[in-house]
1. Could you give me the ³J(HN,Hα) list for region 186-203, computed from phi with Karplus coefficients 6.51, -1.76, 1.60 and θ = phi - 60°, whole Hz, x at Gly and Pro?
2. Quick one: if you stick a label point 7 Å off each Cα along the C-beta vector at residue 11 and residue 54, how many nm between them?
3. What residue among 183, 92, 136 has its Cα farthest toward the positive end of the dipole of region 70-201, where the charges are +1 on Lys, Arg and -1 on Asp, Glu, each on the Cβ?
4. Can you give me the Rg/Rh ratio for the chain, using Cα atoms for both radii and the Kirkwood formula for Rh?
5. Using only the alpha-carbon atoms, what does region 188-274 span along each of its principal axes? Please give whole angstrom values in decreasing order.
6. Quick one: helix 156-166 against the long Cα principal axis of the chain, what's the angle to the nearest 10°, folded into 0 to 90?
7. What is the angle, in °, between the Cα long axis of helix 117-130 and the longest principal axis of the Cα atoms in the chain? Nearest 10 is fine, range 0 to 90.
8. Could you give each residue of region 216-226 its phi-based ³J(HN,Hα) in whole Hz, using Karplus coefficients 6.51, -1.76, 1.60 with θ = phi - 60°, and x for Gly or Pro?
Amino acid sequence: MKDILTAPFVEDMKRATANMYRQTWDERNGGNISFMLEEEKVAEYLDLNNVIRTIPTGFDATGLIGKIFIVTGTGKYFKNVEVDPETNLGIIRIAEDGTTAELLWGWKDGGKFTSELPAHLMSHMARLKVNPENRVIMHSHPTYTLAMNHIHELDEKKLTHTLWEMCTECMVVFPDGIGVLPWMVCGTNEIGIATAKKMEEFRLVVWGLHGIYGCGKDMDEAFGLIETVEKAAMLYMLATASGKRINTISDSQLWEIVEAFHLEDSVRRDFLDL
Ligand code: 13P
Ligand code: ZN
């Protein structure tokens with residue numbers, strides 16, 4: 001059996017959490033990540049018959065029975081993941097009943113999965129229907145994205161459009177736009193259901209005055225989506241703080257990007273006024 005601390009998926013979690021912490025996106029225990037793993041890969045490092053303990057999830061994830069995830073722990077600080085992965089991360093398998101997580105590794109201090117597990121697993125189920133390659137759901141509290149939430153309408157079309165205008169690459173990275181949920185209490189099944197519903201349509205979902213969700217086939221893709229939104233939000237905050245904005249990318253120019261990058265099938269045309 002190989003040493004789990006050398007597994008690429010543990011390395012991915014360490015790198016992502018460290019980067020997110022250093023970007024100041026994930027203060028204290030803010031943010032959470034779940035990454036769906038291949039059973040054969042996990043079996044190189046762990047005895048899959050050895051369930052350390054079982055933890056009820058409180059919601060139905062029948063669509064993910066038998067699936068294995070590496071997940072950040074509730075109350076765990078992103079800054080600590082790289083120094084002590086076995087306390088701050090866990091590997092769980094969804095049990096036959098669909099409502100229990102079987103702990104295969106991690107949370108060695110008795111901890112458990114993130115309080116946002118409903119939003120994560122429900123979003124995994126939603127995204128897998130749209131894209132069978134999806135593996136990562138990432139939640140974060142990026143600073144400028146949140147600052148922008150205070151001064152910009154929390155409307156999907158308007159928010160997406162403002163961010164598209166901020167720099168040319170935004171249209172290339174998220175032509176499918178950003179879903180927006182109003183402020184809601186976090187850590188509940190209700191916000192999980194609402195997030196997953198948006199994830200049927202969007203790869204990015206803003207939680208009003210809380211943070212953002214991104215997804216992707218790997219850590220880079222999910223991180224890159226959030227990073228691009230955050231960069232655009234930073235530009236928006238800096239540009240508006242100056243009190244004057246005299247230039248923008250017009251809708252017809254945004255459409256030129258769509259054509260140049262062949263994004264006609266993925267772009268939210270209804271978010272443009274052409
Ligand atoms: P957890 O510590 O339970 O992961 O919660 C952090 C968070 O960001 C809540 O939305
Ligand atoms: Zn959060």
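1. Once θ is set to phi - 60°, the couplings for region 186-203 become 8, x, 10, 5, 4, 6, x, 5, 5, 5, 5, 4, 5, 5, 5, 10, 10, 8 Hz.
2. If labels sit at residue 11 and residue 54, their model points lie 3.5 nm apart.
3. Checking the options against the dipole of region 70-201, the answer is 92.
4. Rg/Rh for the chain comes to 0.99.
5. 44, 34, 26
6. Tilt of helix 156-166: around 70 degrees.
7. Once rounded, the angle reads 70 degrees.
8. Those phi angles translate into x, 6, 8, 4, 4, 5, 5, 4, x, 5, 5 Hz.
Read-outs: derived from the displayed coordinates by stated rules, not from any lab. Note that the structure is a prediction, hence the values are computed from the model and not measured. Here Cβ is always computed from backbone atoms with ideal geometry, including for glycine, and neighbour counts include all displayed protein chains.
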